[in-house]
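The values are calculated or read from the model by the stated rules, or taken from the named source; none is laboratory data. Computed from a predicted model, the values in this text were never measured in an experiment. Every residue, glycine as well, gets a Cβ built from its backbone with ideal geometry; the counts of neighbours run over all protein chains shown. For accessibility, only protein heavy atoms count, side chains too; no ligands or nucleic acids. Shrake-Rupley method; radii C 1.70, N 1.55, O 1.52, S 1.80 Å.
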Amino acid sequence: MADTVPLAHVKATESDFELHSLANHLHGVARLSADFALGFGRDWAEVAGFWHDLGKYRPAFQDYIRNASGYERENAHIEGKGRVDHSTAGAIHAIERFAAWMPQGGNIFGRIVAYLISGHHAGLPDWSGESGQGALEIRLQQRHLLEEALSHAPAEITVGRPPATNPPAGADPAFWIRMLFSCLVDADFLDTEAFMAPDQAVRRGSDVSLAQLETALTACLARFDPGEPGSLNAWRRHVLEDCRRAASLAPGLFSLTVPTGGGKTLSSLAFALRHALIHGKRRIIYVIPYTSIIEQTAEVFRAVFADFPQAVLEHHSNLDPTRETAFSRLASENWDA
């Protein structure tokens, strides 16, 4: 790769350097971010992904990543003290593009994307200048950073396209922004990791489908004695079938009130798997108030899915480090299980 190609990252090898082009990185992050936000803001996450590192087109950044020793060996892409600001340019660009796309309300929508971009390394910023130079209000005044980036960025990156959908009706704006932000940050991290540490990247995630898990659960439940009418197992079967029928209902808030020993753990899992499959959900997350019950539940699930050890991620403050694996440590970074 020629030195004139704008770079996002550089990785030193034993004898040379491997180069990650900026265009490839922006396309990769846009694609991942959009995939993560499927169902609640795919096109919003995509445009944030395209512009999150727009400032890396600035000559100051390209000079920084190509320093006097050849290439900076590590962490040139991270912002911080003494490093080149490469997120503000994209934030300003979002404000201006949305204002052009949407004369009514574009400034507000552009500011949403600006928050995502400006905070993708350091966290979502405050707006008010009273909180310091890192406030978005202050950073948006540095238009020269955008001008420098635009003079070197290709049109395929800078033109962009406006989101075809509005924010989800009824969504809490603060929560929605944080969901989009998490998609962008995770996409940026994973695309960077795929270049910088490909061996680690391939250890992430699981290719087990929810359909496979439901099949495994069905096989497990079939081994239980259905019991005589009026027996405990017969009542457990009744609870299970009620949960399975409820799975076809529209997504919302459900409650399951059953006495201890009534089979709530597996019945609720049966509901969750079928509900997820029917309505296109991608993960099942159990949140339980006592670590002892978390441990018991995780143990039950691991037994059910013994053929799929990467399907269950147990994560809490009391987790025994000796039970952690390379997969569980990676999966806990983004709940990819």
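Under the condition of being aliphatic (A, V, I, L, M) and at pLDDT below 90, which residue from region 101-134 is nearest to ALA187 (Cα to Cα)? So that I can check it myself, show each step before the final result.
Residues of region 101-134 that are aliphatic (A, V, I, L, M), as a first pass: 102, 108, 112-114, 116-117, 122, 124.
Then keep just the ones that are at pLDDT below 90; that gives 102, 108, 122.
Working: MET102: 27, ILE108: 24, ALA122: 15 Å.
Among them, the one singled out is ALA122.
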Given the conditions (1) crowded, with 19+ Cβ neighbours inside 10 Å; (2) farther than 18 Å from ASP53 by Cβ, every one holds for ALA99 apart from (1)
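Quick check on this structure: which one of PHE175, PHE224 is aromatic (Phe, Trp, Tyr), open to solvent by 30 Å² or more (accessible area, probe 1.4 Å) and either touching a helix residue (DSSP H, G or I) at 6+ places or on another chain (Cβ under 8 Å) or not in a helix (DSSP H, G or I) (or both)?
Numbers: PHE175 fails: either touching a helix residue (DSSP H, G or I) at 6+ places or on another chain (Cβ under 8 Å) or not in a helix (DSSP H, G or I) (or both).
When all the criteria are applied, what remains is PHE224.
Only one of these is within 22 Å of the chain's Cα centre (by Cα), over 23 Å from ILE112 (Cα atoms) and surrounded by fewer than 24 Cβ atoms within 10 Å (Cβ to Cβ): HIS20, HIS27. Name it.
Values: HIS27 fails: over 23 Å from ILE112 (Cα atoms).
So the residue among HIS20, HIS27 that is within 22 Å of the chain's Cα centre (by Cα), over 23 Å from ILE112 (Cα atoms) and surrounded by fewer than 24 Cβ atoms within 10 Å (Cβ to Cβ) is HIS20.
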Could you list, in sequence order, all residues of region 138-172 that are under 19 Å from PHE61 (Cβ atoms) and touching a Gly at 6+ places or on another chain (Cβ under 7 Å)?
LEU145, ALA149
Test each condition in (1) touching a residue at least 24 places away in the same chain (Cβ under 8 Å); (2) out of contact with any helix residue (DSSP H, G or I) (no Cβ under 9 Å at 6 or more places or on another chain) for PRO163 and report the one that comes out false.
(2)
Residue check: is PHE271 buried (at least 18 other Cβ atoms within 10 Å of the Cβ) and closer than 24 Å to ARG204 by Cβ?
no
Any residue at all in region 154-162 that is touching a Pro at 6+ places or on another chain (Cβ under 8 Å), outside any helix (DSSP H, G or I), open to solvent by 40 Å² or more (accessible area, probe 1.4 Å) and more than 21 Å from GLU333 (Cα to Cα)?
no
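Conditions tested, residue by residue: (1) in a helix (DSSP H, G or I); (2) surrounded by fewer than 21 Cβ atoms within 10 Å (Cβ to Cβ); (3) within 22 Å of the chain's Cα centre (by Cα); (4) of a type in the set (S, T, N, Q).
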position	(1), (2), (3), (4)
GLY110	yes, no, yes, no
GLN133	no, yes, no, yes
GLN141	no, yes, no, yes
HIS144	yes, yes, no, no
ALA171	no, yes, yes, no
LEU184	yes, no, yes, no
Taking region 285-303 and keeping residues under 16 Å from LEU273 (Cβ atoms), in a helix (DSSP H, G or I) and open to solvent by 60 Å² or more (accessible area, probe 1.4 Å) leaves ARG302, ALA303
Just to be sure I understand, how many residues within region 304-337 are small (Gly, Ala, Ser), open to solvent by 40 Å² or more (accessible area, probe 1.4 Å) and touching a residue at least 24 places away in the same chain (Cβ under 8 Å)?
3
Residues within region 120-135 that are more than 21 Å from GLU46 (Cα to Cα) and hydrophobic (A, V, I, L, M, F, W, C), tallied
2
Members of region 230-267 that are open to solvent by less than 40 Å² (accessible area, probe 1.4 Å) and in contact with a His (Cβ under 7 Å, 6 or more places away or on another chain):
ALA247
